[in-house]
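Right, one structure below, let's go through it.
The values are calculated or read from the model by the stated rules, or taken from the named source; none is laboratory data. Please read all numbers here as calculations on a predicted model, not as lab measurements. Quick reminder, even Gly has a Cβ in these numbers, built from the backbone with ideal geometry, and neighbours come from all protein chains shown. Ligands, DNA and RNA are excluded from the accessible area calculation, which covers all protein heavy atoms including side chains. Shrake-Rupley method; radii C 1.70, N 1.55, O 1.52, S 1.80 Å.
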Amino acid sequence: MYPHVGPSGGAWSLTRFAAVVAEGVEQFTITGCNFTRLDNGGIFLGGYTRDVTIAGNEFAWLGESAVVSLGDTDGGPVKGWGVDGTAGNQPKGTKLHFNYGRELGIINKQSALYFQAVTDGSDVHGNVAFNGARSAINFNDAFGSGSNVTSNVLFNFNRETADHGMSKQYHTSSR
């Protein structure tokens, strides 16, 4: 278990590590992959990423979240945790489409099919996921807004924490 961070003032903590780590990428695509029986997470998008597509993958028996998207900001006492996002070091335009997830959060109970913090303009569409320790989808903040969640089939989540519903949104204004 790598050191955990508590991003953007939400209640969750997570690692900046996964089977695939993408930072500083544009038009990066992960499709048709099978992420199975990993002690950590499947995919981590960090800092500056643009137009990443994660589609048609399977995530099963993961220790943490399937996909985590976490940006960085300036102007705070801790690097990456300030209030100034004008440098643009955040994931933008991520597409999470038609993925399949099950048995998520085997080790870290603060886990989800998709987690985002300090991220803008995500589109979460057509995914099927079930059997998770906590959320199916978690928006940790309202950074940038502009995210869409449509036509997903999500059930049997929040099995181990029982503290909220299928998704968790901290002060978000999704459209």
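Is it fair to say residue 114 is open to solvent by less than 50 Å² (accessible area, probe 1.4 Å), of a type in the set (Ser, Thr, Tyr) and at pLDDT 95 or above?
Here the answer is yes, as residue 114 does meet what is asked.
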*asked:* Consider the range 97-118. How many of its residues are outside any loop (DSSP other than H, G, I, E, B) and within 14 Å of residue 49 (Cα to Cα)?
replied: 2
*Out of curiosity, is residue 36 in a strand (DSSP E or B), hydroxyl-bearing (Ser, Thr, Tyr), buried (at least 19 other Cβ atoms within 10 Å of the Cβ) and out of contact with any Leu (no Cβ under 6 Å at 6 or more places or on another chain)?*
no
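Evaluate the following for residue 89: is it buried (at least 18 other Cβ atoms within 10 Å of the Cβ) and not in a strand (DSSP E or B)? Walk me through it before giving the result.
Values: buried (at least 18 other Cβ atoms within 10 Å of the Cβ): yes; not in a strand (DSSP E or B): yes.
In short, yes.
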*Filtered residue count, the range 41-62, keeping only those that are assigned to a loop (DSSP other than H, G, I, E, B), in contact (Cβ under 8 Å) with a residue 40 or more places away in the chain and within 14 Å of the chain's Cα centre (by Cα)*: 2
*Any idea which residue in the range 56-86 is surrounded by the fewest Cβ atoms within 10 Å (Cβ to Cβ), counting only those that are polar (S, T, N, Q) and either in contact with an Asp or Glu (Cβ under 9 Å, 6 or more places away or on another chain) or at pLDDT below 85 (or both)?*
86
*Among residues belonging to the range 122-149 that are open to solvent by 20 Å² or more (accessible area, probe 1.4 Å) and modelled with pLDDT of 95 or more, point out the one that is nearest to residue 90 (Cα to Cα).*
123
*When the range 1-33 is examined, which residues are found to be modelled with pLDDT of 95 or more and open to solvent by 50 Å² or more (accessible area, probe 1.4 Å)?*
19, 21, 23, 24, 26, 27, 28, 29, 31, 32, 33
